[in-house]
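To start, the structure itself, in C-alpha cells.
Where a number appears in this text, it was derived from the coordinates with a stated rule and is not lab data. All of these numbers come straight from a predicted model, not from anything done at the bench. Virtual Cβ from ideal backbone geometry, glycine too; neighbours counted across all protein chains shown.
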Amino acid sequence: MPQRYVLCIGAHPDDNELSVGGTAARFRRRGDVVRFLSVTNGDKGHFAPEYLGSPERLADRRQAEAENAAAVIGAEYQTLGLHDGEVYVHLITTERMIRAIRSFGPPGRGPDLVLLNRPQDYHRDHRYTAQLVLDATYMLTVPMICPDVPHLERMPVFAYWHDDFTEGGRFRADVVVPIDDVIEYKIDMAAAHVSQVFEWLPYNAGRLEQVPPATDPAARRQMIAGRIRAEGERQRTQTQELLERQYGPNTVQYVEAFQICEYGRVPDATELRELFPLHDPAGHVSSQ
C-alpha cells in the first residue's frame with residue numbers, strides 16, 4: 001500500500017488530537033505521514049496571572065505540549081502562529097493556508113487527505129479556520145496563485161470530523177473509523193495538553209475543582225480517559241447503522257466519524273476504503 005499524506009487542520013494546538021487523534025494514530029500505524037496543523041498558537045486559552053500579561057509564555061508552553069502530543073504517534077506539528085481569537089479570512093491568511101496545504105507532501109501532489117472541522121462550529125476561530133481551508137481548496141490547483149509553491153496537480157480529499165451542531169445542517173457520517181486498538185494513544189495525546197485539558201477547559205466550564213491535583217497523574221489521566229472513551233462510544237451509537245453496513249455485526253466500541261466535503265475530490269467507495277484505515281480492532285476490513 002502506498003504511503004499517504006494526511007493533514008489535520010485545527011484552529012488551536014489541541015483541536016486535532018481531541019477530534020481525530022484515534023484516526024491519526026491508525027494512519028501512523030499504517031505507515032502514513034501525519035501532520036497536525038494549528039492555525040493559532042493558542043496564546044489566549046488560560047486564566048493564570050502569569051499568562052495574562054505575557055501571552056507569549058502560554059504560546060511557548062502550548063507549542064511544547066503540541067509537540068509532545070504529536071510525538072506520541074510520531075506525527076509532525078506545525079502552527080501558522082496566528083494569535084488565539086484572531087483568526088480572520090482575508091488575503092494574507094488565505095494565501096498562508098494555500099501554501100501550508102500545498103507544501104505538505106510531494107511537490108505538485110500535496111496531501112492525500114485533509115481533515116478539519118465543519119464551518120458550523122461554535123467557536124469563531126474554528127469557523128474561520130474551516131472557511132480558510134474551504135476558500136483555499138480550488139485555488140490549490142491554480143498555478144498563478146501563490147506561484148512560489150508548486151500548485152497541486154490533483155485535488156486532495158477533504159473530510160469534516162464529527163460534531164453535533166445543527167446550524168446550517170447536521171453532520172452526515174460518510175465513513176466511520178474504529179479506534180478501539182488506538183484509544184490509549186488518543187488519551188495520551190489529549191493528556192499531553194496539560195494547560196488545556198486539566199486547566200483552561202475545566203476552568204472555562206466551571207469544573208476546575210473536579211480536576212485531580214498535578215501530584216496524581218494517574219487520576220488525571222483517568223479523568224481525560226473517561227471523556228475520550230465516552231465521546232468514542234457516543235459517536236459509535238450515532239453511527240451504528242453505517243458501522244454495521246461497513247463491517248456487519250461487530251464489537252467495535254469506539255469510533256471517529258467523518259463527512260466527505262464536496263469541495264475537494266470526492267472518492268468513490270473503492271478509494272474511500274483505501275484512503276481511510278477501515279479496519280476494526282478484530283482485523284476485519286470494511287465492506288462498504
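For segment 223-272, give me each residue that is more than 21 Å from the chain's Cα centre (by Cα) and either in a strand (DSSP E or B) or exposed (fewer than 13 other Cβ atoms within 10 Å of the Cβ) (or both).
Across segment 223-272, the qualifying residues are GLU241, GLY248, PRO249, THR251, ASP268, ALA269, THR270.
Looking only at segment 89-117, filter to residues that are part of a loop (DSSP other than H, G, I, E, B) and touching a helix residue (DSSP H, G or I) at 6+ places or on another chain (Cβ under 6 Å); which one of those is surrounded by the fewest Cβ atoms within 10 Å (Cβ to Cβ)?
Restricting attention to segment 89-117, the residues satisfying the condition of being part of a loop (DSSP other than H, G, I, E, B) are 89-90, 103-112, 117.
Remaining after also requiring touching a helix residue (DSSP H, G or I) at 6+ places or on another chain (Cβ under 6 Å): 89, 110, 117.
Values: VAL89: 15, GLY110: 24, ASN117: 25.
So the residue we want is VAL89.
Can you go through ARG154, ARG124 and tell me which one is out of contact with any helix residue (DSSP H, G or I) (no Cβ under 8 Å at 6 or more places or on another chain) and among the charged types (D, E, K, R)?
On the way: ARG154 fails: out of contact with any helix residue (DSSP H, G or I) (no Cβ under 8 Å at 6 or more places or on another chain).
Within the list ARG154, ARG124, the selection yields ARG124.
Yes or no: THR93 β-branched (Val, Ile, Thr) and more than 15 Å from the chain's Cα centre (by Cα)?
On the way: β-branched (Val, Ile, Thr): yes; more than 15 Å from the chain's Cα centre (by Cα): yes.
It is true that THR93 is β-branched (Val, Ile, Thr) and more than 15 Å from the chain's Cα centre (by Cα).
Out of all the residues in segment 15-60, which are surrounded by fewer than 18 Cβ atoms within 10 Å (Cβ to Cβ) and in contact (Cβ under 8 Å) with a residue 60 or more places away in the chain?
Of segment 15-60, the ones surrounded by fewer than 18 Cβ atoms within 10 Å (Cβ to Cβ) are 29-31, 47-50, 52-57, 60.
Matches in segment 15-60: ARG29, ARG30, PHE47, ALA48.
State whether the residues of segment 78-86 include one that is on the phi < 0 side of the Ramachandran plot, polar (S, T, N, Q) and either surrounded by 22 or more Cβ atoms within 10 Å (Cβ to Cβ) or part of a loop (DSSP other than H, G, I, E, B) (or both).
Looking only at segment 78-86, we keep the residues that are on the phi < 0 side of the Ramachandran plot, and these are 78-80, 82-84, 86.
Pick out the ones that are also polar (S, T, N, Q) and you get 78-79.
Checking the rest, the ones that are also either surrounded by 22 or more Cβ atoms within 10 Å (Cβ to Cβ) or part of a loop (DSSP other than H, G, I, E, B) (or both) come to none.
Checked against the condition, which is being on the phi < 0 side of the Ramachandran plot, polar (S, T, N, Q) and either surrounded by 22 or more Cβ atoms within 10 Å (Cβ to Cβ) or part of a loop (DSSP other than H, G, I, E, B) (or both), segment 78-86 yields no hits at all.
Go through (1) surrounded by fewer than 22 Cβ atoms within 10 Å (Cβ to Cβ); (2) under 17 Å from the mean Cα position of the chain (by Cα); (3) hydroxyl-bearing (Ser, Thr, Tyr) for THR129 and report which single condition fails.
(1)
Would you pick out the residues in segment 136-154 that are surrounded by fewer than 16 Cβ atoms within 10 Å (Cβ to Cβ) and within 22 Å of the chain's Cα centre (by Cα)?
TYR138
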